[in-house]
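Chemist: Below is the structure I would like to discuss, written out as C-alpha cells.
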Amino acid sequence: MNGFLGTGATLEADLNLSIQFLMGIVLLCGMFLARKGYYRTHGVCQGSIILLNLVLIALIMLPSFRRGVVPELQSKFVESYYFLPTLHATLGTIAEMLGLYIVLRAGTNLLPKALCFKNYKIWMRAALVVWWVVIALGITTYYVWYIASVPKTVAEEIQTPPPTPKEAAVTIVNYEFQPKDLTVEVDTTVTWTNRGARHGVTADDGSFAATLKNGEVFSYIFTKPGRFPYYCQFHGEPGGPKMAGSITVVPPGQ
Ligand SMILES: [Cu+2]
C-alpha cells in the first residue's frame, strides 16, 4: 500500500518518517519542560518517546533493514543506498540504548550505584543531540530510497497513451510483482514500473536483467512463446518462492 506523502514509498515508511520527526519535536519540547522545572512531566514525556521508538524499531525499521539492506550489505556497503541506513541503524541503536539507560538511571532505582551518572545535563543533552543526528540520517535515507530518482511525474504518466494490446504492465509494489503471473501474446512489450525501494527484474534464464530505483521503468519485448520466470535479485531467487514472478508468452490469438 502506498503512503500519504506522494513519494511512492510504502505507508509504513511514510508513517515511520512522520512519527520519527514528531517524536524529535516532542523530545525538544520535553527538554524545555526540564528547563522550567517540570521534572516529572519531563520524565514521562521523554520516557514514552523512547519506549514508542522501541516499538517502531521492532515493527518497521528492523524488518525493513533486514529485507532491503542486509542481503546486499557486504558487496555494496559504499553506496549511499546501503551506507546511510547502516549508519542510521548503528547510531540509532546507540541513541535508543542511551535513552533506555537514562530512563533507568533517572526514572528508577534499578541500576547499581557504580553505573549511575551524576551529571544529568551532559548525558541528556548528548542523547538529544545523537537522537537528532539519527533523525537527520533517517530522513536522508528516506530521500535516497524514495525521492532521489523519480524520473516520471504523475502528470507525465497520464499523458502516456493507453497500452495497446501488445503492451502489458507489471507494477513492483510492497516487495511484490503485480500481477505476479502475467500471460501475453508473442511480441508484447512488458514494462515493469517500480513503486517502492530498489528492486530488480532478472530472468531466471538470464535473458534480461535490470535494477530499478523508485519510479524507474524497464521494458522487454517477448518474441518467443514459453514461460519466463524472473525474480528480484535483491529480495528473491530463481524459482521463487520469495520476490519472483513470471511471464507466459502464447502465440497470437490464443
Ligand atoms: Cu526486490
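The values are calculated or read from the model by the stated rules, or taken from the named source; none is laboratory data. Fair warning: this is a prediction, and the values are worked out from it, not measured in the lab. For neighbour counting, all protein chains shown are included, and Cβ atoms are generated from backbone atoms with ideal geometry for every residue, glycine included.
Chemist: Do we have R66 as surrounded by fewer than 16 Cβ atoms within 10 Å (Cβ to Cβ), charged (D, E, K, R) and either on the phi < 0 side of the Ramachandran plot or not in a helix (DSSP H, G or I) (or both) here? Lay out the reasoning, then the answer.
Modeler: Working: surrounded by fewer than 16 Cβ atoms within 10 Å (Cβ to Cβ): yes; charged (D, E, K, R): yes; either on the phi < 0 side of the Ramachandran plot or not in a helix (DSSP H, G or I) (or both): yes.
Yes.
Chemist: Within segment 214-232, is there a residue that is assigned to a strand (DSSP E or B) and on the phi > 0 side of the Ramachandran plot?
Modeler: Yes, that holds for at least one residue.
Chemist: Also: Kindly indicate the residue of segment 133-180 that is outside any loop (DSSP other than H, G, I, E, B) and of a type in the set (S, T, Y) and also modelled with the lowest pLDDT among those meeting that condition.
Modeler: Among those residues, the one meeting the criterion is Y146.
Chemist: Does V186 fit the bill of being within 13 Å of the ligand (Cβ to nearest atom) and modelled with pLDDT under 95?
Modeler: Here the answer is no, as V186 does not meet what is asked.
Chemist: Within segment 235-254, is there a residue that is in contact (Cβ under 8 Å) with a residue 24 or more places away in the chain, among the aliphatic types (A, V, I, L, M) and surrounded by fewer than 17 Cβ atoms within 10 Å (Cβ to Cβ)?
Modeler: yes
Chemist: Before we move on, is A203 surrounded by 15 or more Cβ atoms within 10 Å (Cβ to Cβ) and under 13 Å from I247 (Cβ atoms)?
Modeler: Values: surrounded by 15 or more Cβ atoms within 10 Å (Cβ to Cβ): yes; under 13 Å from I247 (Cβ atoms): yes.
Taking the combined requirement at face value, the residue satisfies it.
Chemist: Moving on to the next point. Six or more apart or on different chains, Cβ atoms under 6 Å: show the pairs whose first residue is in segment 4-25 and at positive phi and in the same structural domain as W131 (by TED's automatic domain parsing) and whose second is of a type in the set (D, E, K, R) and exposed (fewer than 14 other Cβ atoms within 10 Å of the Cβ).
Modeler: none
Chemist: Is it the case that P252 is assigned to a loop (DSSP other than H, G, I, E, B), out of contact with any Ser or Thr (no Cβ under 9 Å at 6 or more places or on another chain) and under 22 Å from V173 (Cβ atoms)?
Modeler: So P252 fails the test.
Chemist: Here is a further query. Step by step: first the residues of segment 206-218, then only those that are without any contact (Cβ under 8 Å) to a residue 40 or more places away in the chain and surrounded by 14 or more Cβ atoms within 10 Å (Cβ to Cβ), then the one that is farthest from the ligand (Cβ to nearest atom). Which residue is that? Break it down into steps so the answer makes sense when it comes.
Modeler: Taking segment 206-218 as the starting set, the residues that turn out to be without any contact (Cβ under 8 Å) to a residue 40 or more places away in the chain are 206-211, 218.
Applying the additional criterion that residues be surrounded by 14 or more Cβ atoms within 10 Å (Cβ to Cβ) yields 208, 210-211, 218.
On the way: F208: 16, A210: 12, T211: 10, F218: 13 Å.
This residue is F208.
Chemist: Tell me, yes or no, whether segment 52-70 has at least one residue that is modelled with pLDDT under 90 and farther than 16 Å from G138 by Cα.
Modeler: Taking every residue of segment 52-70 in turn, at least one turns out to be modelled with pLDDT under 90 and farther than 16 Å from G138 by Cα.
Chemist: Let me ask something else about it. Filter segment 1-30 for residues that are in contact with a strand residue (DSSP E or B) (Cβ under 8 Å, 6 or more places away or on another chain) and either surrounded by fewer than 18 Cβ atoms within 10 Å (Cβ to Cβ) or modelled with pLDDT of 85 or more (or both) and give the result.
Modeler: Once the filter is applied, which keeps residues that are in contact with a strand residue (DSSP E or B) (Cβ under 8 Å, 6 or more places away or on another chain) and either surrounded by fewer than 18 Cβ atoms within 10 Å (Cβ to Cβ) or modelled with pLDDT of 85 or more (or both), segment 1-30 yields M1, N2, L11.
So that you can scan it fast, the table gives a plain yes or no per residue for (1) in a loop (DSSP other than H, G, I, E, B); (2) surrounded by 13 or more Cβ atoms within 10 Å (Cβ to Cβ); (3) in the same structural domain as L27 (by TED's automatic domain parsing); (4) of a type in the set (S, T, N, Q):
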site: Y81; (1), (2), (3), (4): no, yes, yes, no
site: P85; (1), (2), (3), (4): no, yes, yes, no
site: H88; (1), (2), (3), (4): no, yes, yes, no
site: T93; (1), (2), (3), (4): no, yes, yes, yes
site: M97; (1), (2), (3), (4): no, no, yes, no
site: L100; (1), (2), (3), (4): no, yes, yes, no
site: A106; (1), (2), (3), (4): no, yes, yes, no
